[in-house]
Each structure stands twice: as structure tokens, then as C-alpha cells.
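Read-outs throughout are calculated quantities, based only on the coordinates presented, and are distinct from any laboratory measurement. Just so you know, these numbers come straight off a predicted model, no measurement behind them. Using ideal geometry, Cβ is built from the backbone for each residue, glycine included, and neighbour counts are taken over all protein chains shown.
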Protein chains: 2
Amino acid sequence: MSTDAATARLAFEVVKTACSNCNLRELCLPIGLDPDELKKLDELVSTRRRLKRGDFLYRAGQPFESIYAVRSGFFKTDVMIEDGRDQVTGFQMAGELLGLDGISSEVHSCNAIALEDSEVCAIPFSHLESLSRQVHMLQHHFHKVMSREIVRDHGVMMLLGTMRAEERLAAFLLNLSQRFKARGYSPAEFNLRMSRDEIGSYLGLKLETVSRAFSRFQEEGLLAVNQRKVRILNTAGLRKLMTHQRS
Amino acid sequence: MSTDAATARLAFEVVKTACSNCNLRELCLPIGLDPDELKKLDELVSTRRRLKRGDFLYRAGQPFESIYAVRSGFFKTDVMIEDGRDQVTGFQMAGELLGLDGISSEVHSCNAIALEDSEVCAIPFSHLESLSRQVHMLQHHFHKVMSREIVRDHGVMMLLGTMRAEERLAAFLLNLSQRFKARGYSPAEFNLRMSRDEIGSYLGLKLETVSRAFSRFQEEGLLAVNQRKVRILNTAGLRKLMTHQRS
DNA sequence: GACCGGGGTTGACGTGGATCAAACGCAGGG
DNA sequence: CCCTGCGTTTGATCCACGTCAACCCCGGTC
């Protein structure tokens, strides 16, 4: 490879991947960093990966090296046990991190799969650790992100352990809505990137139950559904349903 | 307070709380630290707290300042929603950390309650962050601990989302057994520190269902139960049951 | 030793969601 | 244009677990 070509390619990538001009920086790792610190982070986040719908970002069992920030697109993560049963553990959208599960054993413990054409920034974990030794804000923010993931998981445990089908779906939809909103999209109208089956797996329900709950919400005027297109008509109604004491 | 008395008390506490001579150090934060680094950690872990059965270590909503290492005893953590439903999110025993959920919002997001008389080491979080900027192994190990918590939560999601009652209980008992074993206790015979109701809350089941599952295991010769005393008679049988394809 | 209370067990019955099955609708391909 | 296939919807039936209720067991108290 000629030096010129290499330089050009490099320059191109650096511009493209710079956290400092990424419009997700307020949602992603760089929160609260000053321009100087941001520049250091830019150096760290050097590689990008494009994935097509259905591609695996990583698989359970593969060695862990990097965590990934979703730059665009949509992912799911799932875990599997020997007998073939699997559980979707989360859906990730722009600005969210993937791969934190791999730190503990240096091997990924779940699969991460693109639900639509997507792009991620790879962040070599050892570099992240060494940079976060220098940049306090980065260190602290990274800890917050991991902690937030734990809190989120507790919420899912609550949902799976104590809520009934319609409450689960309502909670799920409100959560999606709020995350779309945080990214500047309409909180009321969006396209689901996942199938009924994937929603069911996440919520601990069968796809038929998910479908029926959607139909019921529609009958009750809470939302309009057509395949994967969802429009929320009554947010308060959903929220009320979610916290509704059983009978 | 006289200087002598203060010194004496201090010396006493330092000895008592020193990670360097704690027999849990291979299970807890100090893993892999050299003697020099251990000494720094000793300085950090300055305060201990004793709790009686039923005491709250912290409550949801309280400001987060420290994480806690269980030195002896047994805890549960739970989250609650407005309508009063609650979900036990975990049980913690010696060497395990409590409070990681509080990092994300600087407020605890769950309750931590002692299930028996217990003792914890408080680790001021800001100090931990600054020490882990100096001691790479500590930093790395702390990240592993947080990640392990995430992986554990995914396991619970799997359990709640896809397993049936007896599979859940089997998984729960095997997990406890393995953790007792790691601490030098018998993996086959132990006392449950939690009630049927608390087990049920953790496993997403009602207490009657838990009780029935225990009885069934006993009938099948998998274990001997008497109130909270459990003896596992057939580990392989439990393990097989756990992964048993439904139908 | 009688009483009491809280956790645990067991039984009878009800029900929410799983399962099984059929049909629909939309996208892609010939 | 029709055919094909997959994801979704809807209906009928089933069953695992929840609910309700009685009873038991054990430890603590007077």
C-alpha cells in the first residue's frame, strides 16, 4: 500500500470516526469530556464496522477484545442454553454500548446481532482502561454506563418476575418510545426493528401472546399497530396499565 | 478522646479490616494485587458496618457513596414499583459486592437487606475510582466484577423468561451450592437464609409453587429438605432437570 | 404445659398464557 | 400476473402456575 493511499484512508477514517464531531456524543461515552479529552478518545476509537441486517457483531464464546458503540442501526443481544432455548437480553440503539458482558471472562457471553444495517465504533477495551486511568470523567462515565446496565437488567427482572403480559408489552413500548425521543425521533410513532418472536423472547412471552396484546391495545385505542409500524395514541393509558395492580 | 485511645482503636480497626489478612481476599476485590497494592487498598477500606438480621444496608433513593463488600452474613437486594410489587434481584454472600446499582445515578436503586446478622466493609466509591487509576489490577478486576454482575443478571433473565418452576428452583439451588463450595462450605448441605417467599420473588414464582417444587424434589430423591435445611442428594439429577427440554 | 404467631405444606380450584392449528397479508421471484 | 414463504393474526383448547384456604410445625412466651 502506498504511503499516500494509507494516509488518505487514515485521514478519512479519523474524520469519520471522531467522537468529537459525532452527533451521538451526548448519549455515548464522550459525555462531559472537554475538547482536549475528546481528542484523546478520538485516537482510541479508531475502527468502525458496518454490519448488514442479520450479521453477528460477536458471538458467545468468541474472545473479548473491544466494546462497541452503536453509531447507527439496531441490535439485539441474546443468550442460549444447551437445549436450544434462548432469551433476548436487550435491544441496543444508537449511542448505546455493546459487549460489556465480555469483560468478566474475556469471552463474550452472548450474541450480538444487527436487526438492520448498522454501524458500530469498536473501542479496544485495554485502551479504554488505560485512557480512563488518565481521564477521570471518562472513567467515571464508563462506570456509570456499566451500572446503568445493571439497573436496566433489574428492571427487566422486575418485568419478567412480576408483570403480566400486557404490562410487559406496555413497559417495553414506553421504554422504546422514550429512547427514540432521546435520539430526536418521534416518541409516538416508530418502526419496530424486531419480530414478534424477538419481542416475546425479551418479554418472556410467546409470539402469539405478544400479537394478541398488540391487538388488544389497538381495540382499546391505546395505539395503532400495523405490522411493525406502531403509533402510540395514549401514553398515559399505557403507563397506567403498566403499573396496574393485578385485579 | 485521648490520643492513646484513638490510636488503639484505630490500630485495632485497621487490623480487623485489612484486606491483606482477610480470608476472603481471593473472592473479593483484592484478587491478584501484590502486597504493596494490597496495602493501598487497606487504607481505602476503612470502615466496617455490622448489621442485624432485617437491617437495611441501604434503601432505594438514598444517596450513593460507597460500595460494600460482604464480609460475613447474607443479604438480599430488591426493587419495588409504586403499586407495591417487588422483585428480589439477588442474594449476596461473603466476598460479594453490594451497591453497584447506585453508581449510575448516584442514588441507590434498590434496597439491600441483611438476611442474617452480617458485616460489610464500606468502600467509598470516589476513593475506589482514584485508587483504581493507580492500580491497574484493581481497575481491571473491578470492571470484571461489574461485568460479572451483568452476566449474572442475563442468567436470571434466561431463568425468568424461559424456564419452568422446577427448572428455576434447580438452577437456584445449584447456584447456591456452587457458591457455598467456593467459600469452603459443603456444596451438598446448607441452610437457606431466605424464606420461600423470598425465593419465589427471586424466581418469579409464588411461595406455594416453591414449596411444592421442594416437595417434588424430595419425593424424587433429588434432595432432602426440612424447612430451611437443604441437603442435595443428586446433583446430576438436578442439573439434568435444569436443562430439560420442555414437553 | 398451654398459647401464640409466623413460616411452611398441602389440597381444591381458577385462569393467564402456552400450544396447536388455520388463515391472512405482504414481499420477493419467476 | 400468480406463486411461494415467512411473519403475523386469530381461534380453540390445554395446562402450569396462581389463588384461596385449611392445616401443620416449630420456636418463643407467659
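With 0.36 nm allotted per residue and the present C-alpha distance subtracted, the B:Val107-B:Ser72 stretch has 10.1 nm of extension available. With the simple model of a label 7 Å out from the Cα in the direction of the Cβ, A:Thr47 to A:Gln62 spans 1.0 nm. Taken about its Cα centre, the range B:31-118 carries a charge dipole of about 360 debye when Lys and Arg each add +1 at the Cβ and Asp and Glu each add -1 at the Cβ. Between the Cα long axis of helix A:125-134 and the first principal axis of chain A there is an angle of about 70°, rounded to the nearest 10. Scanning residues 5 or more positions from B:Gly90 or on other chains, those with amide H under 5 Å from its amide H are B:Thr77, with H placed 1.01 Å from N in the peptide plane. As a rough footprinting exposure proxy, the listed residues B:Ile199, A:Ile31 were ranked by other beta carbons within 10 Å of their own, and the order from fewest upward is A:Ile31, B:Ile199. Shown for A:Ser211: label points 7 Å from Cα along the beta-carbon vector, and their distances to the equivalent points in the other copies, 4.0 nm in ascending order.
Toward the positive end of the charge dipole of the range A:163-242, with +1 on the Cβ of Lys and Arg and -1 on the Cβ of Asp and Glu, the farthest Cα among A:Tyr202, A:Phe180, A:Ala170 is that of A:Phe180. Mean residue ellipticity, 222 nm, helices only, chain B: the sum of -39500 (n - 2.57) across DSSP H runs of n ≥ 4, divided by residue count and rounded to 500, is -14000 deg cm²/dmol. Shown for A:Glu43: label points 7 Å from Cα along the beta-carbon vector, and their distances to the equivalent points in the other copies, 2.9 nm in ascending order.
Mind putting a number on the dipole of chain B about its Cα centre? Charges go on the C-beta only, +1 for Lys and Arg and -1 for Asp and Glu, and I need it in Debye to the nearest 20. Kindly include the intermediate steps, with their values, before the conclusion.
Values: 34 positive and 31 negative charges, 177 e Å.
Here the size comes out at about 840 debye.
Here the Karplus curve 6.51 cos²θ - 1.76 cosθ + 1.60, taken at θ = phi - 60°, turns the phi angles of the range B:92-99 into couplings of 10, 10, 3, x, 9, 9, 10, x Hz, with x standing for Gly and Pro. Between B:Asp101, B:Asp34, B:Asp117, the GNM of chain B built on Cα springs shorter than 10 angstrom shows B:Asp34 fluctuating the most. Under the simplified labelling scheme, the B:Gln134-A:Arg239 pair shows an inter-label distance of 4.7 nm, with each label point 7 Å from Cα along Cα→Cβ. Peptides B:140-150, A:153-163 ranked from most to least packed by the mean count of surrounding Cβ atoms within 10 Å: A:153-163, B:140-150. Distances between copies at B:Asp83, taken between label points 7 Å from Cα along the C-beta direction, are 3.1 nm in increasing order.
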